[in-house]
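Any read-out appearing in this document is the output of simple, stated calculations on the displayed coordinates, not a laboratory observation. These figures come from a predicted structure and were not determined experimentally. Neighbour counts are summed over all protein chains in view; Cβ atoms, including those assigned to glycine, are modelled from backbone coordinates with ideal geometry.
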Amino acid sequence: MPVKVTTETFKKEVLESDIPVIVDFWAQWCRPCLMLAPVLDEISKDLEGQVKVAKVNVDEEGYLANQFRVSSIPTVYLFENGQVKTQVVGLMRKDDLLKRLGLK
Amino acid sequence: MFDVIVIGGGPAGASAAIYLQRFRLKVLMIMKDLGTLGKTNHIDNYWAFENTVSGKHLVEQGVAQAERLGVTVVEEEVIGIENFEDFTVKTTKNQFQGKTVLIATGQAKPNIKVKGFKEFIGKGVSFCAICDGFIYRNKKIGVIGNAEFMLEELEVLRNFTNDITVFTNGLGLPLHIEEEIKEKLITDPLCEITGDEVVRKVVTEEGEYEVDGLFVAIGTPSANDFALRIGAFIENNYIVVDDNHMTNVPGLFAAGDCIGGLLQVVKAASDGAHAAIAINKYLKTLK
């Protein structure tokens, strides 16, 4: 299952992760974000052990949203070895998301 | 409460409404005008018309047929769809409740053609105030638009900042819309959108304006504008549906040109019939 990440845990959970991390910037009131949630749940299950899925609530974690210049949600980043590898903006189907993130 | 609210009165919408009405469902069809087909003068490839027929004639006949069979038809512009348990369809004049919604509003219009526009989509250029407005709390926001849809977005954005500039991009601005705009209003055409990692400036023919975010709500909302706000998948500018014409949002269906494929009357009418049959089945699962 996706892990909730905060400003405090971001370094450990994302930047220092041994495996690539998909980070989803979302909010409760954002309808497309809510519809992306099941897609990410599925990815987390499909790629268990290979890729971690993390979620950042932009309402609670404004600092992180600012730091990564999130200007539209949902925004999904792929981190590898502590670096941003790809960024995808908007709701999309599982296959498209994986392709755009470079995971397929 | 309607069983189905059909948005759009063209071949997809009216065909669906006709089928649905014949299933004895309570059907509302909302149409703004005669749509793209209504502007087509010559149709020679549609079955069963010996002579050339106009799109206007086809649309009018379809609506008349739907009305004769008992479909409630209103001529209003839909500006939003909300979905909690049921669906609420908001027009410029009313709100209607439905158990299901069928989007059949034709092909989504292309984006504005301004230098730099595409480059900044998702980097400050947004199509959804309710999705992205909060990010620009107390910042400079630009809104591009010229009708009720823009006012709807403006209303949302006013919750986040007082620093808003409305750009009409040179489009005509009806007086009743202009009266609602209390913000800075720029009416000359846009030339370029500039920035670095994110959007910074809107350049018009007569001036330059700093913005942190730019929201686009030109003319009337298209099928994709509805889909985006409600969280339905869009791919290559078309709404994604399953074999039953249902989107990933349960109870939200789409048919006709807005889902792509062959952009022809015959296919749109077929979509409408398919969607109607699927909606009828879906409604039975709700009971």
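Annotations
- Convex hull volume of the C-alpha atoms in the range B:1-92, normalised per residue: 99 Å³.
- Among B:110, B:189, B:11: highest mean-square fluctuation, GNM of chain B, C-alpha pairs under 10 Å: B:110
- Projected-area average for the range B:118-216 over all orientations - Cα convex hull basis, square nanometres: 5.6 nm²
- Over the residues of the protein assembly as shown, the helix contribution to mean residue ellipticity at 222 nm works out to -8000 deg cm²/dmol, using -39500 (n - 2.57) for each DSSP H run of at least 4.
- The range A:25-83: GluC sites (Glu not before Pro) in DSSP coil with no more than 12 other Cβ atoms inside 10 Å: A:48
- Compactness of the range A:3-93, taken as the C-alpha radius of gyration over 2.2 N^0.38 Å, stands at 0.98.
- Intensity falloff of chain B expressed as log10 I(q)/I(0), Debye formula with alpha-carbon point scatterers, at q = 0.07, 0.10 Å⁻¹: -0.28, -0.56
- For chain A: relative contact order, % (alpha-carbon pairs under 8 angstrom, 6 or more apart): 35 percent
- With one equal scatterer per alpha carbon and no solvent term, the Debye-computed log10 I(q)/I(0) for the protein assembly as shown at 0.07, 0.08, 0.11 1/Å reads -0.35, -0.46, -0.85.
- Based on every Cα atom in the range B:217-258, Rg and the maximum pairwise Cα distance Dmax equal 10.0, 32 Å.
- Paramagnetic label zone (point 7 Å from Cα along Cα-to-C-beta, residue A:6; backbone N under 20 Å) in the range A:56-90: A:56-68
- Based on C-alpha pairs under 8 angstrom that are at least 6 apart in sequence, chain B has a relative contact order of 22 percent.
- For chain B, a Gaussian network of Cα nodes joined below 10 Å ranks B:19, B:46, B:136 by mean-square fluctuation, and the top entry is B:46.
- Cysteines of chain B lacking any other cysteine Cβ under 4.7 Å from their own Cβ: B:191, B:258.
- Trypsin sites (Lys or Arg not before Pro) restricted to the range B:54-128 and DSSP loop, no more than 12 other C-beta within 10 Å: B:93, B:113
- Loop-located trypsin sites (Lys or Arg not before Pro) in the range A:3-78 (DSSP state not H, G, I, E or B) with no more than 14 neighbouring Cβ atoms inside 10 Å: A:69.
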